[in-house]
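I have placed the structure first, in the form of structure tokens, so that the comments after it can refer back to it.
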Amino acid sequence: MSHLLIEGLQVAYGPAGKPGKPAPLAVHGLDLAVPPGQLISLLGPSGCGKTTTMRAIAGLLKPTGGRITLAGQDITRLPAHQRDIGLVFQSYALFPHLNVFDNVAFGLRLRKVEANALRQRTQQALASVGLADFAGRLPAQLSGGQQQRVALARALVIRPRLLLLDEPLSNLDARLRVEMRAELRRLQRESGITMLYVTHDQDEALGLSDRIVVMREGRVEQDAAPATVYHQPASPFVASFMGYENLFERTKLPVPMDLPAHVTHVAWRAVAVAVLAPEQGALAGTVVSRSYAGERLEFWVRTAGGDVRGVAPADGTPWQEGDGVALHFDLQRAALIGAPPGAASR
């Protein structure tokens, strides 16, 4: 049974333009089912409709069509404050004049929770995010990661039926993002709360999610487990967005392949394309650019069929811009793209 069920959701860009002409849609008939206790990521580039979808679920935007059901209750037209949904935004939105304890307790005070219960729940929430000793500090006395933990505690303390997170880690540096990603996953597992996580970061979605919903121009492009989205992208768009730098139409493959009839495109990540000496590979080309990436060098190589991105070990790789090289494509690591016959389209 779905905890959150979205059926045919449509959300328009602002009011209608000319009389009788509807406003363009930011979200087009989106369907989504979220089981209880799972963390689902809405993933896609800016402008794909993921934040608009989240804001419609929260009650901050009014849908122009469709239905939203939470825990069996139709909340499509319910005011935001009656939906029992927690929100964590990119900007932490903490009250600068309140200390950490009062920031976290704010929602409980609005709900008129009894004083002893309020104190106990607030302390438990702070302990769950590792900030039990920071209750008396002001937000300005905290690091960015600590402020984000306060925002999480504030959202969790009200025990919402659903927690929505909109790019919550984008303001943190790379190391803190990784740490907070692990912290989020731990909190989600321990609390059992259902979470919908909005991000444009593929690594975040892969590392956090039970399922990833890739969006494009207000529509769902793929809805699957992280490993499936990573290894079996459903479309050329998903392949490109998930880091397959080398994407070829079936009729323009760089190497011979025996493909099932339904396959329309084949893609390789750069790490699956080896740059070799001219006589060692299947496809000849000329180095256009090279860049250092730690243990390997990454190359753009111009071939008769277009530019290809490949790699070679950093130690002892002599090729410079303008040199002739050859490319070897690892056929076992190719992504075959194209819906099988009879597969339901999303």
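The values are calculated or read from the model by the stated rules, or taken from the named source; none is laboratory data. All values derive from a computational prediction rather than experimental measurement. Using ideal geometry, Cβ is built from the backbone for each residue, glycine included, and neighbour counts are taken over all protein chains shown. Just so you know, the surface numbers come from the protein's heavy atoms only, side chains and all, with ligands and any DNA or RNA stripped out. Shrake-Rupley method; radii C 1.70, N 1.55, O 1.52, S 1.80 Å.
Structure data summary
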{"quantity": "Accessible area (Å², per residue) of the chain, counting only protein heavy atoms and a probe of 1.4 Å", "calculated": "48"}
{"quantity": "Farthest toward positive dipole pole in segment 181-237 [+1 Lys/Arg, -1 Asp/Glu at C-beta], among V220, S191, H231", "calculated": "S191"}
{"quantity": "Unit Cα scatterers, Debye sum, segment 231-334: log10 I(q)/I(0) for q = 0.12, 0.14, 0.21, 0.22 Å⁻¹", "calculated": "-0.38, -0.52, -1.09, -1.17"}
{"quantity": "From phi via Karplus (6.51, -1.76, 1.60), per-residue ³J(HN,Hα) for segment 41-47 in Hz, x at Gly/Pro", "calculated": "9, 9, 10, x, x, 4, x"}
{"quantity": "Compactness of the chain as Cα Rg over 2.2 N^0.38 Å, two decimals", "calculated": "1.19"}
{"quantity": "Diffusion constant of segment 65-188 at 4 °C, which comes from Stokes-Einstein with the Kirkwood Cα-pair radius and 1.567 mPa s, µm²/s", "calculated": "85"}
{"quantity": "Dipole of segment 237-330 [Lys/Arg +1, Asp/Glu -1 at C-beta], most positive-end residue of W319, A272, T251", "calculated": "T251"}
{"quantity": "Two-decimal Rg to Rh for segment 28-98 - Kirkwood Rh, Cα set", "calculated": "0.98"}
{"quantity": "At 1.306 mPa s and 10 °C, Stokes diffusion of segment 125-212 via Kirkwood alpha-carbon radius, µm² per second", "calculated": "118"}
{"quantity": "Within the chain, percent of DSSP bridges classed antiparallel, to nearest 5", "calculated": "75"}
{"quantity": "For the chain, size of Cβ-based charge dipole, Lys and Arg +1, Asp and Glu -1, in debye", "calculated": "1580"}
{"quantity": "Relative pair counts by distance (%), Cα atoms of segment 228-286, 5 Å bins", "calculated": "4, 17, 25, 25, 17, 9, 4, 0"}
{"quantity": "Square roots of 5 times each gyration tensor eigenvalue, C-alpha, segment 188-258, largest first, Å", "calculated": "29, 12, 10"}
{"quantity": "Accessible surface of segment 47-133, 1.4 Å probe, proportion on carbon and sulfur as whole %", "calculated": "52"}
{"quantity": "Cβ-placed point charges (K, R +1; D, E -1), dipole of segment 1-128 about Cα centre in debye, nearest 20", "calculated": "320"}
{"quantity": "P(r) histogram, all alpha-carbon pairs of segment 165-211 included - 5 Å bins from 0, percent", "calculated": "5, 21, 37, 27, 9, 2"}
{"quantity": "Net dipole in debye of segment 125-199 [+1 Lys, Arg Cβ; -1 Asp, Glu Cβ; about Cα centre; nearest 20]", "calculated": "180"}
{"quantity": "Ranked packing of 147-156, 185-194, most packed first, by mean Cβ within 10 Å", "calculated": "147-156, 185-194"}
{"quantity": "Value of relative contact order over the chain, rounded to a whole percent, pairs C-alpha under 8 Å and six or more apart", "calculated": "16"}
{"quantity": "Rg [Å, one decimal], Dmax [Å, integer] - segment 7-131, C-alpha atoms", "calculated": "18.1, 57"}
